[in-house]
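The values are calculated or read from the model by the stated rules, or taken from the named source; none is laboratory data. Owing to the predicted nature of the structure, the values given are computational and were not obtained by experimental measurement. All Cβ positions, even for glycine, are placed from backbone atoms using ideal geometry, and neighbour counts span all protein chains on display. When the accessible area is computed, the model is the full protein with side chains, heavy atoms only, and any ligands, DNA or RNA have been set aside. Shrake-Rupley method; radii C 1.70, N 1.55, O 1.52, S 1.80 Å.
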Amino acid sequence: MQFVKNLGVLCRMVRIEHSIFALPFAYVGAFLAAGGWPGLPLLFLLTVAMVGIRSFAMAFNRVADLPYDRKNPRTAHWPLVTGEITVWQTWRFAGVMAVLFVVSCAAMNPVCLALSPLALIMCAIYSYTKRLTWLCHFVLGAVIALAPIAGWLSVSPSFSVTFLLLAFGVLFWIAGFDILYSCQDMAFDSQKGLHSLPVRFGVQGAQTVSAFCHVNTVLFLFLAGLGQSLSFGWYFTLIISAAILWWQHSLISPDRPENVRFVFAMNGPISVLLFLGTLLGVLL
């Protein structure tokens, strides 16, 4: 029973439900590479790999950021901060997730296996970028942008302009909403010498850059659809996603910081919506 309890706490710590941000884009890459249904065994391996690497990344990040999370009122209730789970337990969990990821990649094809250490290294490096540069949001975007590339390579282990366009779309999408999310920690980050775009340029400047990022997201995803000759279904869901992004930005302002978490929660449905758009774009 204690093992089950600890596992539940670890899953809560890494917010495993937030895998929904990247996982649908991995499916997008797989479905586009296959030109349709890529097969249940491959989708299973891809799902396990994506959950594994995201859980590794979050666990690693929680340990790396623990000295700061202990001092931040927003993160004071997190399990690793309260002692509900230990650092050693978190490291073991991260190790298991890393092995699960590599094994899943090995079961896909040799290219995925060869690139799996690079993905793990990128996830680990991101955890320290906030100490060094306000470009940290774009590093996070680059890490999660591996999702459509991984999905594509799991089916067709060769270079494609399409997966590059998808990756840039995801990079700017993630960076854009991470910039907005970091606005709530601007005062704390500034006090502790941490870097972020809001610390560097203020909330107004951060909002402007975030909006620019999301314009790029729509542009790159539009080009990806053109490159794959997708049907109207893809563009229809892209239009809806663009409208949601525009609405997100209308909700954020310096005098309404409480809306940041609500805006953050709205991003999961966007990735699911675009995956449904992929199905429509490929099948119709």
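Heavy atoms of the protein chains alone define the surface here; on that basis the stretch 126-180 has 33 Å² accessible area per residue at 1.4 Å probe size. Cα centroids of the stretch 127-152 and the stretch 159-230: 10 Å apart. Heavy-atom surface analysis with a 1.4 Å probe gives the chain a carbon and sulfur content of 74 percent of its accessible area.
Of the peptides 66-75, 172-181, 237-246, the order by per-residue mean of other Cβ atoms within 10 Å, starting with the highest, comes out as 172-181, 237-246, 66-75. Computed over the stretch 140-243, the P(r) curve from all C-alpha pair distances, binned at 5 Å from the origin, holds 2, 13, 19, 19, 17, 11, 9, 6, 3, 1 percent per bin. When only the Cβ of Lys, Arg, Asp and Glu is charged (+1, +1, -1, -1), the dipole of the chain relative to its Cα centre reaches about 500 debye.
When the alpha carbon gyration tensor of the stretch 104-197 is reduced to an equivalent ellipsoid, the three semi-axes, largest first, read 30, 15, 8 Å. As a ratio to 2.2 N^0.38 Å, the alpha-carbon radius of gyration computed for the stretch 13-171 takes the value 1.07. The Cα atoms of the chain cover 51, 45, 32 Å along the three principal axes, with the biggest extent listed first. For the stretch 221-236, the Karplus equation 6.51 cos²θ - 1.76 cosθ + 1.60, evaluated at θ = phi - 60°, returns couplings of 5, 4, 5, 4, x, 5, x, 9, 6, 6, 7, 4, x, 5, 6, 5 Hz by residue, with Gly and Pro reported as x.
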